[in-house]
1. With 107, 122, 118 as the choices, which residue is in contact with a strand residue (DSSP E or B) (Cβ under 8 Å, 6 or more places away or on another chain) and either at pLDDT 85 or above or part of a loop (DSSP other than H, G, I, E, B) (or both)?
2. Regarding residue 22, is this residue part of a helix (DSSP H, G or I), in contact with a helix residue (DSSP H, G or I) (Cβ under 7 Å, 6 or more places away or on another chain), closer than 28 Å to residue 86 by Cα and modelled with pLDDT under 90?
3. From the set of residues in segment 28-66 that are assigned to a strand (DSSP E or B) and touching a residue at least 40 places away in the same chain (Cβ under 8 Å), which is farthest from residue 83 (Cα to Cα)?
4. Checking residue 50 against (1) on the phi < 0 side of the Ramachandran plot; (2) at pLDDT 90 or above, which test does it fail?
5. Could you please let me know if residue 66 is touching a helix residue (DSSP H, G or I) at 6+ places or on another chain (Cβ under 9 Å), surrounded by 12 or more Cβ atoms within 10 Å (Cβ to Cβ) and within 21 Å of residue 42 (Cα to Cα)?
6. May I ask you to verify whether residue 75 is in contact with a helix residue (DSSP H, G or I) (Cβ under 7 Å, 6 or more places away or on another chain), at pLDDT below 95, buried (at least 18 other Cβ atoms within 10 Å of the Cβ) and within 16 Å of residue 96 (Cα to Cα)?
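The values are calculated or read from the model by the stated rules, or taken from the named source; none is laboratory data. Please read all numbers here as calculations on a predicted model, not as lab measurements. Because the Cβ atoms are built from the backbone with ideal geometry, glycine has one as well, and the counts that use them run over all protein chains shown.
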């Protein structure tokens, strides 16, 4: 039987390894993004950026036709991973993203829109409003 101290050490070590793996994705993604080109394969993307932190599978029609290719994300946190799993069409602002066409070749990509320093920050528009929460009062031009 494993005693409590050994269990705590194992959990601590596992957490440390997960933290290292999570932080290791971002620098490689940042350095490899300028090398991306439209039309390269997923193997070439993986060679440049490493393994993605999230893979959103392609959208497939009822007849089996691929409508939209897969999407790879880099630099995810628990929140953005949950968003990708729950709302696969939603692309979080904080991650590097590579989109593939139905044939599996890169169609486009983008870096994070705004790198937030905490999980509660969000990007805002010119008026200071966040895209998730509109103005709280009526328009002032009435």
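1. 107
2. It is false that residue 22 is part of a helix (DSSP H, G or I), in contact with a helix residue (DSSP H, G or I) (Cβ under 7 Å, 6 or more places away or on another chain), closer than 28 Å to residue 86 by Cα and modelled with pLDDT under 90.
3. 41
4. Among (1) on the phi < 0 side of the Ramachandran plot; (2) at pLDDT 90 or above, residue 50 violates only (1).
5. Details: touching a helix residue (DSSP H, G or I) at 6+ places or on another chain (Cβ under 9 Å): no; surrounded by 12 or more Cβ atoms within 10 Å (Cβ to Cβ): yes; within 21 Å of residue 42 (Cα to Cα): yes.
For residue 66, the condition - touching a helix residue (DSSP H, G or I) at 6+ places or on another chain (Cβ under 9 Å), surrounded by 12 or more Cβ atoms within 10 Å (Cβ to Cβ) and within 21 Å of residue 42 (Cα to Cα) - is not met.
6. For residue 75, the condition - in contact with a helix residue (DSSP H, G or I) (Cβ under 7 Å, 6 or more places away or on another chain), at pLDDT below 95, buried (at least 18 other Cβ atoms within 10 Å of the Cβ) and within 16 Å of residue 96 (Cα to Cα) - is met.
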